[in-house]
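The values are calculated or read from the model by the stated rules, or taken from the named source; none is laboratory data. Just so we're clear, the structure is a prediction, and the values are computed from it rather than from any experiment. Cβ placement follows ideal geometry from the backbone for every residue including glycine, while neighbour counts extend to all protein chains displayed. Side chains included, ligands, DNA and RNA excluded: accessible areas come from the protein's heavy atoms. Shrake-Rupley method; radii C 1.70, N 1.55, O 1.52, S 1.80 Å.
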Amino acid sequence: QTNPQPQTSIKQTFENQITLLGFTAPATRDRLQLFWQAPKTPTGDYTAFVHVLDEQGRVVAQMDKTPGNSNYPTSQWKEGEVIFDEYALNAPNLASGTYTLQIGLYSPTTGKRLALEGNANGTVKTSIPSA
């Protein structure tokens with residue numbers, strides 16, 4: 001059995017702890033599958049956020065959750081392990097057009113976002129393929 005691969009590759013690392021390998025968005029655009037990997041065991045338990053913005057920059061869908069599984073927090077991830085993560089976007093009626101995805105990680109206790117290499121605000125921005 002082969003591991004699924006992300007449809008869109010990103011490969012950005014948050015504070016040398018967790019890498020967002022990429023994502024897959026089905027044609028329905030009602031959910032998103034993220035692919036995470038830990039280059040080393042993360043030092044804390046983090047929450048991921050996904051925001052979908054329309055062409056005017058308004059948030060039209062969002063979800064925050066523990067990446068992967070709430071029973072398996074990020075501080076327990078093993079080095080090199082790939083975690084698949086599904087986000088329901090609750091926006092099945094998005095008109096066709098260009099949407100921007102914002103993806104990041106933060107500490108649920110402090111609210112502080114993990115920085116990205118070369119990006120202090122810690123947000124990966126990419127577009128969803130149009131339907």
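Some notes on this structure:
- Taking residues in the range 95-114 that are of a type in the set (D, E, K, R), and partners anywhere that are open to solvent by 20 Å² or more (accessible area, probe 1.4 Å) and not in a loop (DSSP other than H, G, I, E, B), the pairs with Cβ atoms closer than 6 Å and at least 6 places apart or on different chains are Arg113/Tyr106.
- Test result for Lys40, more than 19 Å from Thr126 (Cα to Cα), without any contact (Cβ under 8 Å) to a residue 40 or more places away in the chain, open to solvent by 40 Å² or more (accessible area, probe 1.4 Å) and not in a strand (DSSP E or B): yes
- Residue in the range 122-129 that is of a type outside the set (A, V, I, L, M), in a loop (DSSP other than H, G, I, E, B), free of Cβ contacts under 8 Å to residues at least 40 places away in the same chain and under 11 Å from Ala48 (Cα atoms) present: yes
- Candidate set from the range 81-99 (those that are over 13 Å from Val60 (Cβ atoms) and open to solvent by less than 80 Å² (accessible area, probe 1.4 Å)); member that is modelled with the lowest pLDDT: Ala88
- Meets criteria (more than 11 Å from the chain's Cα centre (by Cα), open to solvent by less than 30 Å² (accessible area, probe 1.4 Å) and under 17 Å from Val124 (Cα atoms)) for Ala48: no
- Any strands (runs of 3 or more DSSP E) falling wholly within the range 44-88 and containing at least 2 residues that are out of contact with any Phe, Trp or Tyr (no Cβ under 9 Å at 6 or more places or on another chain): 82-88
- For Ile103: the one exception among (1) out of contact with any helix residue (DSSP H, G or I) (no Cβ under 8 Å at 6 or more places or on another chain); (2) open to solvent by less than 70 Å² (accessible area, probe 1.4 Å); (3) over 20 Å from Gly22 (Cβ atoms): (3)
- Residue list for the range 81-94, filter: over 21 Å from Asn16 (Cβ atoms) and in contact (Cβ under 8 Å) with a residue 12 or more places away in the chain: Phe84, Glu86, Tyr87, Ala88, Leu89, Asn90, Ala91, Pro92, Leu94
- Restricting Leu21, Leu32 to those that are part of a strand (DSSP E or B) and at pLDDT below 90 reduces the list to Leu32.
- Qualifying residue in the range 47-62 (condition: out of contact with any Asp or Glu (no Cβ under 6 Å at 6 or more places or on another chain) and on the phi > 0 side of the Ramachandran plot): yes
- Taken over the range 13-36, residues that are farther than 17 Å from Asn90 by Cα and touching an Asp or Glu at 6+ places or on another chain (Cβ under 7 Å) amount to 2.
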